[in-house]
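Colleague: Sharing a structure with you now.
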Amino acid sequence: MAAPVETQRTRRRRVVAVYVSLAIALVVFLVLNACIGSTMLAPADLAGALFGGATGNPTAAQIVWDIRLPRLIAAVLLGGALALAGFLLQTFFNNPIAGPYILGISSGAKFVVALVMIFVVGSSAQMTSWMLVLSAFVGSTIAMVFVLLVSRRINSMAMLIVAGVMIGYIASAGTDFLVTFASDQNIVNLRNWSLGSFSGMNWANIAGMTPVVIVASVATFLLSKPIGAFQLGENYAQSMGVNIRAFRIVLVVLSSLLAAVVTAFAGPISFVGIAVPHLVKRFLGTSKPLIVIPAAFLGGGIFCLFCDLIARCAFAPTEVSISAVTAIFGAPVVIAILLKRKRGR
């Protein structure tokens with residue numbers, strides 16, 4: 001009887017160690033992102049800007065509060081949302097490389113947001129955060145519906161991923177078509193946004209994204225038990241009292257909403273939704289949703305903070321798109337997943 005107890009203790013220690021490591025990494029990257037930039041700030045300057053009040057350095061305070069804090073908070077929130085969206089899609093399709101970017105969901109959101117940007121902003125009206133989120137949600141849901149329709153006719157998960165990629169290409173082509181006929185100002189806005197970036201975040205953006213991300217993330221966590229049952233098969237989930245049809249609808253809505261809020265505020269960001277859930281499961285040594293979901297959110301935030309730091313500083317003063325950096329670090333994880341599946345077969 002002692003061996004299973006020891007194994008359970010070891011697993012608990014591993015989970016605790018992973019969560020402690022994630023917490024430390026989050027604090028480290030928050031500090032690094034707040035201190036490093038075109039104007040370097042010492043930790044003392046950062047502390048003074050955050051807690052010094054009137055006695056702090058006003059220039060440092062302005063840089064921290066107006067530029068860097070909104071940006072790093074957005075990176076944490078949207079990175080966590082992407083990781084959860086990827087986790088939900090991987091659960092839904094039972095495929096480790098399913099994600100909002102791969103399946104074309106982010107591209108669908110981008111297309112509808114581009115439509116709204118041109119016809120709303122183009123008519124000199126102000127586009128609010130809620131209009132962005134709503135239009136991105138409509139686009140991501142439409143793309144998700146197309147993926148679901150295709151999945152009913154295709155049994156192969158590999159072909160489903162290919163179909164998702166094709167849907168993404170169609171939506172991206174539609175966005176490029178819109179850019180061709182947009183005004184000069186709209187073209188600049190669309191191109192900067194469509195590349196994917198946390199640049200230009202402000203407190204109004206944070207106020208718009210925070211309630212959506214928190215509500216969707218909490219709802220995802222509350223679904224931990226039915227998600228765990230669903231991972232063991234539909235028949236088992238039904239025997240545990242899960243309404244499969246309603247559960248699938250909730251997964252679609254939550255994953256679309258999480259992907260939509262990211263695309264609305266930061267543009268399409270690649271590979272985070274695929275790589276982070278896989279890495280978190282591997283480090284934790286378990287796929288239990290109750291344990292994986294909070295860790296995936298933290299991991300997504302840390303991953304985006306790390307990639308955003310590189311995007312800002314690697315070729316300063318030129319800033320590269322966040323998707324270019326996430327692809328560099330996320331694509332090898334996807335390749336590793338595919339090789340592992342091939343060896344498993």
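Each reported figure results from applying straightforward, stated rules to the coordinates on display, with no laboratory input. None of the values given here were measured: they were computed from a predicted structure. Note that each Cβ is placed from the backbone with ideal geometry, even for glycine, and that neighbours are counted across all protein chains shown.
Colleague: For Ala44 and Val31 in one chain, what is 0.36 nm times their gap in residues minus the Cα-Cα distance, to one decimal in nm? Walk me through the numbers before you get to the answer.
Modeller: Details: separation 13, 0.36 × 13 = 4.68 nm, distance 1.12 nm.
Full-extension gain reported as 3.6 nm.
Colleague: Where a ≥ b ≥ c are the square roots of the eigenvalues of the C-alpha gyration tensor, would you call the range 146-247 rounded, which needs a/c under 1.5, or, failing that, prolate if a/b is larger than b/c, or oblate? Mind dumping the intermediate values first?
Modeller: Numbers: a/c = 3.87, a/b = 1.50, b/c = 2.58.
Taking the square roots of the gyration eigenvalues as a ≥ b ≥ c, the range 146-247 is oblate.
Colleague: Also: List nothing, just return the count: lysine pairs in the chain, 8 or more apart or interchain, with Cα separation under 26 Å.
Modeller: On the way: Lys225/Lys281; Lys225/Lys288; Lys281/Lys340; Lys281/Lys342; Lys288/Lys340; Lys288/Lys342.
Taking the chain as the scope, the lysine pair count is 6.
Colleague: With 17 Å as the cut-off, how large is the P(r) tail for the range 283-339, expressed as percent of Cα-Cα pairs?
Modeller: Tail of the P(r) past 17 Å holds 52 percent of the pairs.
Colleague: For the chain, return all DSSP H helices satisfying: extent of Cα atoms along own axis at least 20 Å; mean Kyte-Doolittle hydropathy at least 1.0.
Modeller: Numbers: long enough: 2-35 (49 Å, 0.92); 69-93 (36 Å, 1.80); 105-120 (22 Å, 2.17); 129-151 (32 Å, 2.11); 157-180 (35 Å, 1.72); 203-222 (28 Å, 1.65); 244-266 (33 Å, 2.11); 289-313 (36 Å, 1.85); 322-344 (33 Å, 1.20).
Correct list, ordered by number: 69-93, 105-120, 129-151, 157-180, 203-222, 244-266, 289-313, 322-344.
Colleague: Could I ask something else about it? What residue among Ala259, Ala34, Ala237 has the largest mean-square fluctuation in a Gaussian network model of the chain, using Cα springs under 10 Å?
Modeller: Ala237
Colleague: Can you give the helix-only mean residue ellipticity at 222 nm for the chain, where every DSSP H stretch with n ≥ 4 adds -39500 (n - 2.57) and the sum goes over all residues, rounded to the nearest 500 deg cm²/dmol? Could the numbers behind the result be given before it?
Modeller: Working: 15 runs with 265 residues, N = 345.
Calculated at 222 nm, the ellipticity per residue is -26000 deg cm²/dmol.
Colleague: Counting only C-alpha contacts under 8 Å and six or more residues apart, can you give the relative contact order of the range 113-266 as a whole percent? Working shown, then result.
Modeller: Values: 97 pairs, mean separation 63.7, N = 154.
Normalised by residue count, the contact order of the range 113-266 is 41 percent.
Colleague: Specify the residue with the greatest mean-square fluctuation among Ala219, Ala266, Ala324, computed from a Gaussian network of the chain linking alpha-carbon atoms under 10 Å apart.
Modeller: Checking each option, the largest mean-square fluctuation is seen for Ala219.
Colleague: Same structure again: Just the number: Rg to Rh for the range 2-344, Cα atoms, Kirkwood Rh, two decimals. Working shown, then result.
Modeller: On the way: Rg = 20.6 Å, Rh = 20.9 Å.
Here Rg/Rh amounts to 0.99.
Colleague: Which longest uninterrupted range of the chain lacks any chymotrypsin sites (Phe, Trp or Tyr not before Pro) assigned by DSSP to a loop state (not H, G, I, E or B) and surrounded by at most 11 other Cβ atoms within 10 Å? It would help to have the intermediate numbers written out before the result.
Modeller: Values: sites that count: Phe181, Phe315.
With a cap of 11 other Cβ atoms within 10 Å, the longest stretch comes to 1-180.
Colleague: Something else: Could you grab the relative contact order for the range 2-344? Cα pairs under 8 Å, six or more apart, rounded to a whole percent. Mind dumping the intermediate values first?
Modeller: Numbers: 487 pairs, mean separation 101.1, N = 343.
After rounding, I find 29 percent.
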